[in-house]
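Inspection log for the structure reproduced underneath, given as structure tokens.
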Amino acid sequence: MTYCVGMVLDKGLVLMSDTRTNSGVDNISTFRKLFHWSVPGERMIAVMTAGNLATTQAVISQLEERTKAPSERDNALLKGPTMFQVVTEIGRLLRNTIEAAQSINGDSGKGRFTATMIVAGQIAGMEPRLFMIYPEGNFIEASWDTPFFQIGETKYGRPILLRGYDRAMSFEDAVKLLMVSFDSTLKANLSVGLPLDLLVIGKDAFAAIHENRVTAEDPYFDAISSGWGNALRSAFHSLPSYSFAARD
């Protein structure tokens, strides 16, 4: 499993993903799930992946190949005129990759090769945009009513985001909020694990203004993890005590 979050702010976009893939408790590996491409001064596009690793790697490999040998017809990442068209093409690649794998494997392949993706980015002259692509290739776009998307193991970190998100928050506070969300998920589910990949895309920067890999030795993440645990215990003990006598 995995956990990825993409978030829209007034200032731009913030993305974070874990790197764990596993096929049981004794077969755990680390693979990057956050990828990005840019044309300086013109566009910045990032993709996060969750689901069958062979499927997501096949899609990312096709996108990479198109950036190395671009053509007018195929290179949506670097030449698509809008983010909508970029996401449409990535969705088509995802759907076709899943269908090809399932056709080869027949009935045994149904449901095994699915994947979901988050696509974020900005093209010059337009606003930053965030999308979530489903295995069928269709997608939805974030709005100020739904300003972040999660894929993978979403349930443990979602309450943190719902309570802490503010569209006007700084990039630094957004990163802190994401780290709390990921720490809560790491504590609850062994299928999500360090290191974490972080990418911050500033509005109209068309480049990563901050990029980092957060490892188990990262002092800031350690401080967030221990501080959040202590804060939760303190908040719990500050709440009014339940009284049996008052209800007799």
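Ile123 - would you say it is at pLDDT 95 or above and under 16 Å from Lys33 (Cβ atoms)? Even if it seems obvious, please write down each step before you answer.
Details: at pLDDT 95 or above: yes; under 16 Å from Lys33 (Cβ atoms): no.
So Ile123 fails the test.
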Evaluate the range 44-55: report whether one residue or more is out of contact with any strand residue (DSSP E or B) (no Cβ under 9 Å at 6 or more places or on another chain) and either of a type in the set (Val, Ile, Thr) or buried (at least 18 other Cβ atoms within 10 Å of the Cβ) (or both). no
The range 34-88, subset among the β-branched types (Val, Ile, Thr) and assigned to a strand (DSSP E or B), residue farthest from the chain's Cα centre (by Cα): Val39
Out of (1) at pLDDT below 95; (2) of a type outside the set (S, T, N, Q); (3) under 26 Å from Ala223 (Cα atoms), the one Met169 does not meet is (1)
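Taking the condition part of a strand (DSSP E or B), β-branched (Val, Ile, Thr), touching a strand residue (DSSP E or B) at 6+ places or on another chain (Cβ under 9 Å) and modelled with pLDDT of 95 or more, does Thr97 pass? Give the steps one after another, and end with the answer.
Numbers: part of a strand (DSSP E or B): no; β-branched (Val, Ile, Thr): yes; touching a strand residue (DSSP E or B) at 6+ places or on another chain (Cβ under 9 Å): yes; modelled with pLDDT of 95 or more: yes.
No; evaluated as a whole, the condition is false for this residue.
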Here's a check for you: in the range 1-33, which residue that is in contact (Cβ under 8 Å) with a residue 60 or more places away in the chain, over 15 Å from the mean Cα position of the chain (by Cα) and farther than 21 Å from Ile209 by Cβ is surrounded by the most Cβ atoms within 10 Å (Cβ to Cβ)? Asn22
Identify, please: which residue in the range 167-213 is touching a Pro at 6+ places or on another chain (Cβ under 8 Å) and part of a strand (DSSP E or B) and is, among those, farthest from Gln150 (Cα to Cα)? Arg213
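State whether one or more residues within the range 145-166 are in a loop (DSSP other than H, G, I, E, B), under 30 Å from Pro81 (Cβ atoms) and among the basic types (Lys, Arg). Full working, then the answer.
At the first step, the residues of the range 145-166 found to be in a loop (DSSP other than H, G, I, E, B) are 145-147, 153-157, 165-166.
Filter once more, keeping what is under 30 Å from Pro81 (Cβ atoms): 145-147.
This time we only want the ones that are among the basic types (Lys, Arg), so: none.
Checking the range 145-166: not a single residue is in a loop (DSSP other than H, G, I, E, B), under 30 Å from Pro81 (Cβ atoms) and among the basic types (Lys, Arg).
How many residues are among the aromatic types (Phe, Trp, Tyr) and closer than 20 Å to Arg112 by Cα when one looks only at the range 1-46? Walk me through it before giving the result.
To start, the set of residues in the range 1-46 that are among the aromatic types (Phe, Trp, Tyr) comprises 3, 31, 35, 37.
Those left that are additionally closer than 20 Å to Arg112 by Cα: 3, 31.
Number satisfying all stated conditions: 2.
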Expected single match for of a type in the set (Lys, Arg) and modelled with pLDDT of 95 or more among Lys33, Lys79, Lys68 is Lys33
Can you name the condition, by its number, that Ala188 falls short on among (1) in contact (Cβ under 8 Å) with a residue 60 or more places away in the chain; (2) in contact with a Phe, Trp or Tyr (Cβ under 8 Å, 6 or more places away or on another chain); (3) over 27 Å from Ala168 (Cα atoms); (4) not acidic (Asp, Glu)? (1)
Pull up the range 104-157, narrow it to residues that are farther than 19 Å from Lys11 by Cβ and among the hydroxyl-bearing types (Ser, Thr, Tyr), then point me to the one that is surrounded by the most Cβ atoms within 10 Å (Cβ to Cβ). Thr116
Please enumerate the residues belonging to the range 1-48 that are touching a helix residue (DSSP H, G or I) at 6+ places or on another chain (Cβ under 7 Å), among the hydroxyl-bearing types (Ser, Thr, Tyr) and within 20 Å of Glu64 (Cβ to Cβ). Thr21
So for the range 21-30 (the condition being more than 17 Å from Leu199 (Cβ to Cβ) and at pLDDT 95 or above), does at least one residue qualify? no
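The values are calculated or read from the model by the stated rules, or taken from the named source; none is laboratory data. Please read all numbers here as calculations on a predicted model, not as lab measurements. Counting neighbours? That spans all protein chains shown, and the Cβs are built from the backbone with ideal geometry, glycine included.
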